[in-house]
Structures are given as C-alpha cells and as structure tokens.
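Structure first, commentary second.
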Amino acid sequence: MFLKSLTLRGFKTFADATTIEFSQEARITAIVGPNGCGKSNLLDATRWVLGEDNPRLLRVAALENIIFAGTAQRKPVSLAEVTMVFDNASAKLPVPYSEVAVRRRTFREGESEFYINKNLCRLKDIKELFMDTGVGEGSYAIITQGQVASILSSKGEERRIFLPRLRPQFPG
C-alpha cells in the first residue's frame, strides 16, 4: 500500500485545488521549499483527513480556522477538503478495492462530511479503516522536523519509543 496522491482545496493556504502525485518507484518522498510555502500545511492536511481533531496538533486555534480565510486579494472559501488516494493492490486495507480514496470536508457552518471511495461514511469508519496499518492521525508514519531532531539526539533505547514497529519480530 502506498500513497498515490494528496489533494487539498480550501485547506489553510491552499485556496485552489492542489494535487500532489507520489510515485511508487520513489523510495523516499520529501517536501522541500522556503519558509512559508505551505510544507507544514501538507502535514496538517494529512493528519486531518486521517482523523485528527485536536486544533493544537493542526496548528490552529479552532478547527474552523483550517478553512482558507481569504486575503486582501482573495475572498475566503466556504469549505476545506482533503483527499488522499492509496494504492491498495496489496490489500493492506480491509476493503475490496485496489485503490482507496479517503476524503474529509468541513464547511464554515460547522458541518463535516467523510467519504471512503465517494461513499459517505463516519469519521470512525476512516479511523477503523487504517487501524493496525501504521497509518493514522497519530501515526509515526508522519515524522515532523522536531521529531527528527529528537530521534537523532536520543540514545538507542530511547529511539525505540519513536520507532516501535522497527523492532525485529521473531517467530515462536
């Protein structure tokens, strides 16, 4: 299972629909750019679509602040929407689809919608879909800049806290 694409529309600084395509052949994907270009907002969008609801972890005062608020040159938008598309040919996700799209939308009025492959669902369904996959709103599949510094400066035993899934598994 790998992430094929991430699409944002109206999420924080991404007023227009923006899609980032990821290559299956790439061993590592990194988002780089100057300060203020939206790199952290991509991480926030990923956390949010996978179920994060803690405003502090999304770097906003309140959840409604994730919706593009407008600028002097641009009007605010009415909703924030993020879609992640996964290749599920390996059937790691427990659904009978080779491609799985997860989408979350929230409106200025406070309503939210959640979708799995264009089918309306609950946030709980999205969280359950990714349970035991290593992907989720609190997963260590997402490593922030601050976490990298902590990992590099920690002792061997302390690193196991950050990377619990990398421990060798021995049968028996």
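The values are calculated or read from the model by the stated rules, or taken from the named source; none is laboratory data. In this text the structure is predicted, and so the values were computed from the model without any measurement. We place every Cβ from the backbone using ideal geometry, glycine too, and count neighbours over all the protein chains shown. SASA here: full protein model, heavy atoms, side chains in, ligands and nucleic acids out. Shrake-Rupley method; radii C 1.70, N 1.55, O 1.52, S 1.80 Å.
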ask   = Of all residues in the stretch 122-136, how many are crowded, with 17+ Cβ neighbours inside 10 Å and without any contact (Cβ under 8 Å) to a residue 60 or more places away in the chain?
value = 1
message = Given the condition at pLDDT 90 or above, closer than 22 Å to I20 by Cα and among the aromatic types (F, W, Y), answer yes or no: does some residue in the stretch 104-113 qualify?
response = no
note = Going through the stretch 1-18 in order, the residues found to be in a strand (DSSP E or B) and open to solvent by 70 Å² or more (accessible area, probe 1.4 Å) are R9
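Before we move on, is T71 closer than 23 Å to F130 by Cα and either in contact with a Ser or Thr (Cβ under 6 Å, 6 or more places away or on another chain) or of a type outside the set (K, R) (or both)?
Numbers: closer than 23 Å to F130 by Cα: no; either in contact with a Ser or Thr (Cβ under 6 Å, 6 or more places away or on another chain) or of a type outside the set (K, R) (or both): yes.
No: the conditions fail for T71.
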query = Looking at (1) loosely packed, with under 12 Cβ neighbours inside 10 Å; (2) touching a Phe, Trp or Tyr at 6+ places or on another chain (Cβ under 7 Å), which is the one condition that is false for L79?
reply = (1)
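Provide a single number: the residues in the stretch 32-52 that are free of Cβ contacts under 8 Å to residues at least 12 places away in the same chain and in a loop (DSSP other than H, G, I, E, B). If you could, list the steps in order and put the result at the bottom.
We begin by selecting, within the stretch 32-52, every residue free of Cβ contacts under 8 Å to residues at least 12 places away in the same chain; these are 32-37, 39.
With in a loop (DSSP other than H, G, I, E, B) added as a condition, the list becomes 32-37.
Final tally of qualifying residues: 6.
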task = Output the residue which, of all residues in the stretch 21-78 that are over 20 Å from R9 (Cβ atoms) and among the charged types (D, E, K, R), is nearest to the chain's Cα centre (by Cα).
result = R56
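When the stretch 20-31 is examined, which residues are found to be open to solvent by 70 Å² or more (accessible area, probe 1.4 Å) and in a strand (DSSP E or B)? Let's see the steps before the verdict.
Within the stretch 20-31, the subset open to solvent by 70 Å² or more (accessible area, probe 1.4 Å) is 21, 24-25, 27-31.
Matches in the stretch 20-31: E21 only.
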task = Among residues belonging to the stretch 7-49 that are at pLDDT below 90 and in contact with a helix residue (DSSP H, G or I) (Cβ under 8 Å, 6 or more places away or on another chain), point out the one that is nearest to D87 (Cα to Cα).
result = I31
key: Residue identified as assigned to a loop (DSSP other than H, G, I, E, B), open to solvent by less than 30 Å² (accessible area, probe 1.4 Å) and out of contact with any Pro (no Cβ under 9 Å at 6 or more places or on another chain) among L57, L93   = L93
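For the stretch 60-80, state whether one or more residues are polar (S, T, N, Q) and touching a helix residue (DSSP H, G or I) at 6+ places or on another chain (Cβ under 9 Å).
Looking only at the stretch 60-80, we keep the residues that are polar (S, T, N, Q), and these are 65, 71, 73, 78.
Filter once more, so that each one left must be touching a helix residue (DSSP H, G or I) at 6+ places or on another chain (Cβ under 9 Å): none.
No, the stretch 60-80 has no match at all.
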task = Please give the number of the condition A62 fails out of (1) among the small types (G, A, S); (2) under 22 Å from I20 (Cα atoms); (3) open to solvent by less than 40 Å² (accessible area, probe 1.4 Å); (4) out of contact with any strand residue (DSSP E or B) (no Cβ under 6 Å at 6 or more places or on another chain).
result = (2)
